[in-house]
1. Output the residue which, of all residues in segment A:237-247 that are crowded, with 24+ Cβ neighbours inside 10 Å and outside any helix (DSSP H, G or I), is farthest from the other protein chains (Cβ to nearest Cβ).
2. Exactly one of these conditions fails for B:Gln292: (1) away from chain A (no Cβ under 14 Å); (2) on the phi < 0 side of the Ramachandran plot; (3) in contact (Cβ under 8 Å) with a residue 24 or more places away in the chain. Give me its number.
3. Condition first: open to solvent by 40 Å² or more (accessible area, probe 1.4 Å) and in contact (Cβ under 8 Å) with a residue 24 or more places away in the chain. Now tell me which residues in segment A:77-93 satisfy that.
4. Quick one: which of B:Met267, B:Met275 is among the hydrophobic types (A, V, I, L, M, F, W, C) and free of Cβ contacts under 8 Å to residues at least 60 places away in the same chain?
5. Inspect segment A:268-285 for any residue being closer than 26 Å to A:Pro151 by Cα, more than 10 Å from chain B (Cβ to nearest Cβ), within 16 Å of the chain's Cα centre (by Cα) and assigned to a helix (DSSP H, G or I) and give the result as yes or no.
6. Filter segment B:83-93 down to the residues that are facing another protein chain (nearest Cβ under 8 Å) and either under 16 Å from B:Met39 (Cβ atoms) or crowded, with 17+ Cβ neighbours inside 10 Å (or both) and list them by number.
7. Out of A:Tyr250, A:Tyr257, A:Tyr231, which single residue is within 14 Å of chain B (Cβ to nearest Cβ), open to solvent by 20 Å² or more (accessible area, probe 1.4 Å) and not in a helix (DSSP H, G or I)?
8. Quickly run through segment B:284-304 and pick out the residues that are among the hydrophobic types (A, V, I, L, M, F, W, C) and in contact with a Pro (Cβ under 6 Å, 6 or more places away or on another chain).
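The values are calculated or read from the model by the stated rules, or taken from the named source; none is laboratory data. These numbers were taken from a predicted model, which means no experiment stands behind them. All Cβ positions, glycine included, derive from the backbone under ideal geometry; neighbour counts span all protein chains shown. Heavy atoms of the whole protein, side chains included, go into the accessibility calculation; ligands, DNA and RNA do not. Shrake-Rupley method; radii C 1.70, N 1.55, O 1.52, S 1.80 Å.
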Amino acid sequence: MNKVMSNKWVIAMYVLPALLLILVLIYVPIILTGYYGLMKWDGIGEMDFIGLSNYTKLLTDDDFWQSSLNSLLLAIFSLLSLIGYLAISLVLAAKIKGADLLRKIYLIPMLLSSVAIAQLWLKIYHPSNGLLNSLLVFFGVDNPPAWLAEPNLVLGAIFVPIIWQYAGFYILIYYAALKNIPDSVIEAAKIDGASPLQIAYKIKLPLIMGVIKVTIVLSFVGSLKYFDLIYVMTGGGPNGASEVIASYMYKQAFNSYNFGYGSAVGFALLLFCLLATVVIQRLTRTDDEVEY
Amino acid sequence: MLLLLTMMTAIVLSGCGGGDDAGDGGGTAGGGDKVTVKMMHLWPAGSSKQHHGIVEDIIKQYEEENPDVKIETEILSNDQYKEKIKVLASSNQLPDVGLTWAAGFLRPYVEGGKFAALDDVLEGELGESFISGTTEAFSVDGKAYGLPLELNIAPIYYNKRIFEENNLEVPETFDDFKNVVKTLVDNGVTPITVGNKEPWTGSMWYMYLADRIGGKETLTNAINRSGSFEDPALVQAAAEIQNLVDLGAFVKGYNGLSNEEAKGPFMNEKAAMYMMGSWELPNFTTNEDVPQEFKDQIGFFKFPLVEGGKGDINSFVGGPGVGLFVSENSKVQQEAKDFVKFFVQKWGEVSVTGAGVIPATKVDTSQLDLPEMFIDVLDELNKASNITLYADVQMSASAAQEHLNLIQSLFGKEITAEEFATRHEEVLADEE
């Protein structure tokens, strides 16, 4: 086998199928998107080359920046929620009773499709007979807000189901990482007199730092390009108050027939995600990996 | 070893590459001498059973009369249909026959040379059977590119029982209307339900006010740029919307409710009024899933006149829904044209009774056995002095998007009536 693998052609052949797939399905479309961004195109007729004007228009487009800000808020919110997930996982992994059952309960939202979750939460938020407002009325609130119709509430109201949706996923990842820490390390710490809090903070967290970094990138970038729940629940409304970059891109391309401009928005989204990934990796870089 | 590897790679690669051509073959000829005409429509058997059945029947009849033609259908639901048709158009793979929407939707397809002109089909008898104004909505530069299948007007449906309980009568003027709203609000009943998360519903309210205040041409002129949205009548119409909002006329959370969700309170007799296209009529007449006691409570009235306005009570907001197109690149264009002609005629005969669809071709109500409310609406339609096409359909896609956003802000009181006007002017001026 060694002899086979030393032949460069053979290596190339092994790599080729995957490489072709990735080229055709990922890199070529990315380049094409950037290219369409240079065009004025309604998606149906002929394309007109207009140089960079879609991109310069983007820089002064208030709606685009508003949706970028909303995406950024969602990303920051998701990052903060990671702390909560981590805390829950620490408790779950500490061999409490019923951890198994709880873990399964937390996982359920992840098994539902986004559209089902959106429908569920639409019912919860329904202004007159939704679960939330019925509860509020029961507790004596006179005029509970129409959550998805108020421009200054809608963003927060949409973040909650998104957090709920992904809780199971991150808790599962953290839980698995924490379970991987050898008991001997924890026991040694206990013998040395470390408190549970110290064990969590000084031992467990540093040991799963690699996983935490991955989840930070996943949740931040995932939030930047988030689309489905928002599209189903509010369609970006009312009047753009819950618009995010991806839903803005969709609207431009498919509702307004500005495929060129929509592509430019999509390309900008790609740049944002790349930038975020690089910055996060820089910020969280540590010198050496811990090994057991 | 090397040979084996090469073979494996080749198999993997060909596995990925195949499959591509499978769906393409149709178009020209099926087996033998048979000609296949491909048709795409948006009435799946599950969600639009009656429509689906009518289409199937028409196709069957056509195939019987033309044994050498086979009609092959592909069915998608509304939103998927809209997206797929667009993708197909950009790669020149449109079906021979399909459905399109009027004006703003149709224009890019016509300008891109995707749809065939249908003037030859409309010549003679068929052209005259359409209600005037319907084929025009599918025309670009004087040529028709679609044969409309539906025509709808939007009356205000109201619940007679709620009106009686609150000692209310059908309002004749807009002041009466506002008094009705006030009384209902005072008595704790939701006056109007509207699902303005889909702002075309709110847009119809604005359009009616524009029509009743400024007359039938003002809004249309503002959109086609011979007039302006800053016309005092249009600004006043926007202001009246906000007056209604201030009165508490609309259902709670209207900007976050879809049309379907907003319909709920009306169907549950929690809201007194609901403005919607006449396509809702089956729900108030023939639909067996809706209780008869409820259906008996529902009536409709025309949008009241505004004192001092130039409106006409018989002017409606509405317009043709979908229409049939024939692809310009179709290899069987002649057969396709023949088929759409047949389709439109048959559709006009059976769609009202079969699916509660008001066709764009003239209907002789005396010959039909229809629920009373249907007859009434059809009669109103025959009396109509004008039908103003939905504003978002009149506009180009990107202007329409902006119009819908602005309607939402207007209802949400995030902008004033004057800002509403100026923003429209900016958007439409951009397009010229």
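1. Filtering segment A:237-247 for residues that are crowded, with 24+ Cβ neighbours inside 10 Å and outside any helix (DSSP H, G or I), the one farthest from the other protein chains (Cβ to nearest Cβ) comes out as A:Val244.
2. (3)
3. Matches in segment A:77-93: A:Phe77, A:Leu79, A:Ile88.
4. Selected residue: B:Met267, the only one of B:Met267, B:Met275 that is among the hydrophobic types (A, V, I, L, M, F, W, C) and free of Cβ contacts under 8 Å to residues at least 60 places away in the same chain.
5. yes
6. If the condition is that a residue be facing another protein chain (nearest Cβ under 8 Å) and either under 16 Å from B:Met39 (Cβ atoms) or crowded, with 17+ Cβ neighbours inside 10 Å (or both), then B:Lys86, B:Ala89, B:Ser90 are the ones that fit.
7. A:Tyr257
8. B:Phe300 - this is the single residue of segment B:284-304 that is among the hydrophobic types (A, V, I, L, M, F, W, C) and in contact with a Pro (Cβ under 6 Å, 6 or more places away or on another chain).
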